[in-house]
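Undergrad: Submitted below is the structure of interest, expressed as structure tokens.
Bear in mind these aren't lab numbers, they're just calculated from the coordinates by the rules spelled out. Model, not experiment: these values are computed from the prediction. Counting neighbours? That spans all protein chains shown, and the Cβs are built from the backbone with ideal geometry, glycine included.
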Amino acid sequence: MEIKRLTTQAEIKSFDDSEMTITHYISTPTPDRYGDIVHPEGMLDEQFRKNPVVLLKHDSSKMIIGKNLWLEKTEHGILAKTQFADTETGREIYRLNKSGFMNAWSIGFLIPEGGLEIKDGRRHIRKWELLEYSAVAVPANPDCINLVMKSLETIFPKNKTGVKMELNSNTPALPPEKFKNESNKSVDEIQDGRNFIKSIVYKNPDLMPASYKSNYLNEGVSADGGYTVPVEFYDRIMANVIAQSVIRRNATIVRAEAKEVQIPKLSSASTFSFINEGAQKPVSNPVFSQVRLVRHDGGFIILLSKQLIEDSAFDIVGFLSDMASRVIANAYDSAGFKGSAGVITGILDSEFGATEIVASGGTPNSIVYDDILKTISAVPSHTLPKSKFYMHRSMLGYIRRLKDETGGYIIAPDERKAMTMEGFPVELSDNMYSYSESALSRGYVVFGDLSTIFLHERKDL
């Protein structure tokens with residue numbers, strides 16, 4: 001489904017100071033500068049009517065500026081009556097509109113399946129679902145289309161919810177300027193990648209580069225090349241994921257196409273016995289159980305402005321690859337450490353089965369260095385050569401501040417520089433619980449060999 005923002009120069013019909021209302025058009029069927037036409041008769045507003053909010057610059061994280069009183073489909077467009085909220089912002093936006101300093105409105109809507117028709121080279125949006133409309137500062141600037149927001153500052157929105165895991169909070173924004181260079185215009189690989197994205201965004205197969213027109217863009221099995229993303233794109237993303245994800249880098253990867261994989265688990269090994277000469281050897285069979293690995297699909301949306309898509313100097317595939325790898329890496333670590341309720345059991349979940357070292361107070365500030373030492377003796381000796389400490393950077397900061405009876409820091413300077421504790425490496429993950437996320441019976445430090453963790457991965461993207 002397609003998300004679109006379209007900005008229109010408003011034709012103000014009337015003002016009412018007593019009610020702080022404006023009657024105005026929020027959309028017209030005039031073609032935008034990219035040739036798109038939004039047909040007013042195709043508007044679906046049933047869901048909008050349940051919560052007819054009016055926003056400022058499509059920012060749902062801020063206070064609303066008003067509400068819609070009614071909408072009317074006309075041959076000239078969508079006519080609306082807006083009542084502004086009696087707040088400082090609402091009154092200011094009303095005054096700016098009345099004074100003529102601000103007279104542009106932008107609609108936000110979805111294009112359902114079958115709602116788009118390409119005719120004579122133009123995209124006719126015949127059916128669309130209104131989500132909201134907003135007062136905007138820049139008039140007649142129709143540059144938002146298909147998973148597109150109005151400006152770079154909204155590429156990384158603050159409020160996007162997903163599967164209980166706050167992935168975006170741990171994903172630093174990538175400055176698009178990093179990927180912009182005039183030399184990119186002459187790089188065929190970058191231009192082919194841009195046209196590949198355009199062919200999907202504009203739903204126009206003719207824009208698909210010849211180098212991308214292969215079987216791996218079709219659904220199917222891996223032997224037939226049935227991946228939905230080009231192999232080079234996938235490899236570039238996953239190379240970054242491996243470098244950034246603690247779980248992906250340390251766990252044992254199980255690759256399989258099946259949705260569910262049964263992994264044999266040795267519950268009890270055979271026992272060696274010494275016997276007298278001529279005595280019968282005792283039978284000691286190993287006992288196996290099975291661990292079920294069930295694959296879970298996931299996804300995310302990256303919002304792009306049309307300016308980025310059309311900019312030949314911008315390495316859009318590089319931008320998408322880097323951002324996607326960061327999101328996926330955070331998903332791996334969040335699921336691996338914290339888990340996802342009812343979906344994935346994380347290492348820090350009590351049901352995981354790890355040996356728990358409980359601090360006396362049960363909160364992070366009650367952890368003492370003796371608790372750290374106890375974690376080392378709690379794991380089997382044969383796992384120690386590959387064992388590491390895993391924690392949030394704020395927890396490492398707390399542990400580094402622990403002092404002995406003389407007032408000196410417990411962790412030696414050479415271990416601080418080498419990022420080790422008691423000779424074992426320390427790896428940090430922002431997807432573990434931080435020092436400030438204090439709660440009873442919550443795990444903050446993990447010690448052990450993560451290669452004993454199995455990660456079921458199907459090569460598909």
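Undergrad: Report the full-extension gain for the segment Glu72 to Arg249: residue separation times 0.36 nm, less the Cα-Cα distance, to one decimal in nm.
TA: On the way: separation 177, 0.36 × 177 = 63.72 nm, distance 5.64 nm.
Fully extending the segment from Glu72 to Arg249 adds 58.1 nm.
Undergrad: Now for a different question. Beta carbons within 10 angstrom, averaged per residue: use that to sort the peptides 76-85, 392-401, highest first. Don't skip to the answer; put the middle values down first.
TA: Details: 76-85: 20.4, 392-401: 17.0.
The densest-packed peptide leads the list: 76-85, 392-401.
Undergrad: Past 18 Å, Cα to Cα, is the threshold; run Lys388/Lys417; Lys81/Lys306; Lys50/Lys81 against it and keep the listed order.
TA: From Lys388/Lys417; Lys81/Lys306; Lys50/Lys81, over 18 Å: Lys81/Lys306.
Undergrad: Find out how many positive minus negative residues lie around Pro380, taking Lys and Arg as positive, Asp and Glu as negative, among other residues whose Cβ is under 13 Å from that of Pro380.
TA: Details: positive: Lys386; negative: Asp449.
Neighbourhood net charge equals 0.
Undergrad: Can I ask one more? Sort the following peptides by mean Cβ neighbour count (other Cβ atoms within 10 Å, averaged over residues), highest first: 195-201, 17-23.
TA: Highest mean packing first, the order is 195-201, 17-23.
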